[in-house]
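Here the structure comes first, spelled out in structure tokens, and everything after it is commentary.
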2 protein chains.
Amino acid sequence: MTKHAKISNAVIRRLPRYRRYLNELRKKGVDKISSNEFSRLIGYTASQIRQDLNNFGGFGQQGYGYSVCGLYNEISAILGLDRQYKMVIVGAGNLGQAIANHTYYYKAGFIVNGIFEINPRLIGIKINDIEVMDYEKIVEYVEENNIDIGIICTTKDAAQEVADKLCFAGVKGLWNFAPVDIETPDHVAVENMHISDSLHSLAYHMNKIAADEEEK
Amino acid sequence: MTKHAKISNAVIRRLPRYRRYLNELRKKGVDKISSNEFSRLIGYTASQIRQDLNNFGGFGQQGYGYSVCGLYNEISAILGLDRQYKMVIVGAGNLGQAIANHTYYYKAGFIVNGIFEINPRLIGIKINDIEVMDYEKIVEYVEENNIDIGIICTTKDAAQEVADKLCFAGVKGLWNFAPVDIETPDHVAVENMHISDSLHSLAYHMNKIAADEEEK
């Protein structure tokens, strides 16, 4: 991992978005882009972009702009996307299946090695060529296969217990889709994906627009 | 909608999280909570909590704390969760099916009325008692049924076209799961759910922890 000790969390949150846009530009064969052009595309101000990208410096040149490929590769390295990650999914319901099928992750270096489930009707089936295994065997599997990331697609009530077991087995990160905040020891990173929070924000913004229009 | 014109976007982003924790407290029969207790639970500082909740004032009392139910109801009203929303899903693949099955949304006032698909093999099946219909008929359906929200579970390439059609048909909000930022007219709210951005942040934090440990 390239060391950039002082990058703030807010900048880190924006990096995947920069990277997505740079990837689109790269695919379209665009070599360089100015902060003004990038601003129109991505919706951040040009000054915000310059400030963010200055954090890992050297890619912007006065009168030239940013090297699309250079910046894309640098951001990928900062995010740690220049290596591969082995993942297991816990919970083979619709959400677990949806994630297993997101072939995007395979391409980007995130590989689902196994899926675990307690429901005997699902154990043994294959999802996208990945076997659904008995949850009882998860600790052994994670240890033996040096799994990096556990993806939690269980119910709210089971999530913390599953998280504890995955941490015990040695994962380095948890990606949690259960609608509860899970806790991990300091050495295990966690991202809680609260899908419903996003729906609630949407509801707020819809009502805000309606209220603003009424006032007119 | 209760009017709170000056609440910042950052506060709005935190409201669904406050509401989730208040809901858990409410279910456990907790009547009131101090900002210090709330801080230990939710992980924001007590001063941040007081500042955030001051935005819609009147619920915190010195030496008493916040009324759990009062605050829960107030936040629900601000978010617009005191009414019902009719939704359609576009794309009946795994992700669309996962969302259709998230019964949580029904309970919370978000009702999936219909699912639309272009794949003839999926048209006509039922998911959770909701019929999968021909995407050709979506404009008519949205208009006739006063659909509020369109949920986009299509591929990246189809997403903007689907968004345009949904906006034309009269939805007031779009919840986009396709891995691309979609654009809407000013009168239509949009939430882009970039699941992979969250995975990329996780990768960053895992590598950061590893790098910090190496330095020790």
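Mind counting the residues in the range A:113-128 that are under 17 Å from A:Glu161 (Cα atoms) and surrounded by 18 or more Cβ atoms within 10 Å (Cβ to Cβ)? Full working, then the answer.
Taking the range A:113-128 first, the residues under 17 Å from A:Glu161 (Cα atoms) are A:115-119.
Applying the additional criterion that residues be surrounded by 18 or more Cβ atoms within 10 Å (Cβ to Cβ) yields A:115-117.
Qualifying residue count for the region: 3.
Show me the strands (runs of 3 or more DSSP E) found entirely inside the range B:121-216 where at least 2 residues are farther than 20 Å from A:Ser198 by Cβ.
On the way: elements: B:130-134, B:149-152, B:173-176, B:189-192.
Hits in the range B:121-216: B:130-134.
Please work out if A:Asn73 is under 20 Å from the mean Cα position of the chain (by Cα) and open to solvent by 30 Å² or more (accessible area, probe 1.4 Å). Reasoning before the result, please.
Numbers: under 20 Å from the mean Cα position of the chain (by Cα): yes; open to solvent by 30 Å² or more (accessible area, probe 1.4 Å): yes.
Spelling it out, A:Asn73 is indeed under 20 Å from the mean Cα position of the chain (by Cα) and open to solvent by 30 Å² or more (accessible area, probe 1.4 Å).
Return yes or no: is A:Ala159 modelled with pLDDT of 95 or more, closer than 30 Å to B:Tyr85 by Cα, open to solvent by less than 60 Å² (accessible area, probe 1.4 Å) and among the hydrophobic types (A, V, I, L, M, F, W, C)? Reasoning before the result, please.
Working: modelled with pLDDT of 95 or more: yes; closer than 30 Å to B:Tyr85 by Cα: yes; open to solvent by less than 60 Å² (accessible area, probe 1.4 Å): yes; among the hydrophobic types (A, V, I, L, M, F, W, C): yes.
Answer is yes for this residue.
Mind checking which residues of the range A:22-39 are open to solvent by 40 Å² or more (accessible area, probe 1.4 Å) and within 12 Å of chain B (Cβ to nearest Cβ)?
Hits for the range A:22-39 are A:Glu24, A:Lys27.
Checking the conditions here, which among B:Asn207, B:Asn176 is more than 8 Å from every other protein chain (Cβ to nearest Cβ) and not aliphatic (A, V, I, L, M)? Before the answer, list the steps.
Numbers: B:Asn207 fails: more than 8 Å from every other protein chain (Cβ to nearest Cβ).
Matching residue, one of B:Asn207, B:Asn176: B:Asn176.
Of the residues that sit in the range B:129-151 and are touching a Gly at 6+ places or on another chain (Cβ under 7 Å) and within 22 Å of B:Val180 (Cα to Cα), which one is surrounded by the most Cβ atoms within 10 Å (Cβ to Cβ)? Can you show your working first?
Going residue by residue through the range B:129-151, those that are touching a Gly at 6+ places or on another chain (Cβ under 7 Å) are B:130-133, B:141-143, B:148-149.
Next, only the ones that are within 22 Å of B:Val180 (Cα to Cα) stay: B:148-149.
Numbers: B:Asp148: 22, B:Ile149: 26.
If we take residues in the range B:129-151 being touching a Gly at 6+ places or on another chain (Cβ under 7 Å) and within 22 Å of B:Val180 (Cα to Cα), then B:Ile149 is surrounded by the most Cβ atoms within 10 Å (Cβ to Cβ).
Evaluate the range A:176-183: report whether one residue or more is of a type in the set (Gly, Ala, Ser), open to solvent by less than 50 Å² (accessible area, probe 1.4 Å) and modelled with pLDDT of 95 or more.
Step one: list which residues in the range A:176-183 are of a type in the set (Gly, Ala, Ser), which gives A:178.
Still in the list and also open to solvent by less than 50 Å² (accessible area, probe 1.4 Å): A:178.
Of the ones still in play, those that are also modelled with pLDDT of 95 or more are none.
No, the range A:176-183 contains no residue that is of a type in the set (Gly, Ala, Ser), open to solvent by less than 50 Å² (accessible area, probe 1.4 Å) and modelled with pLDDT of 95 or more.
Pull out all pairs, ordered by first then second residue, where Cβ-Cβ is under 6 Å, the residues are six or more apart or on different chains, the first lies in the range A:189-201 and is more than 7 Å from chain B (Cβ to nearest Cβ), and the second is in a loop (DSSP other than H, G, I, E, B).
Cβ pairs passing all conditions: A:Val190/A:Thr184; A:Asn192/A:Asp181.
The values are calculated or read from the model by the stated rules, or taken from the named source; none is laboratory data. The structure displayed is predicted, hence computed values, not measured ones. Glycine gets a Cβ as well: all are built from the backbone with ideal geometry, and neighbour counts include every protein chain shown. The area values use the complete protein model at the heavy-atom level, side chains included, leaving out ligands, DNA and RNA. Shrake-Rupley method; radii C 1.70, N 1.55, O 1.52, S 1.80 Å.
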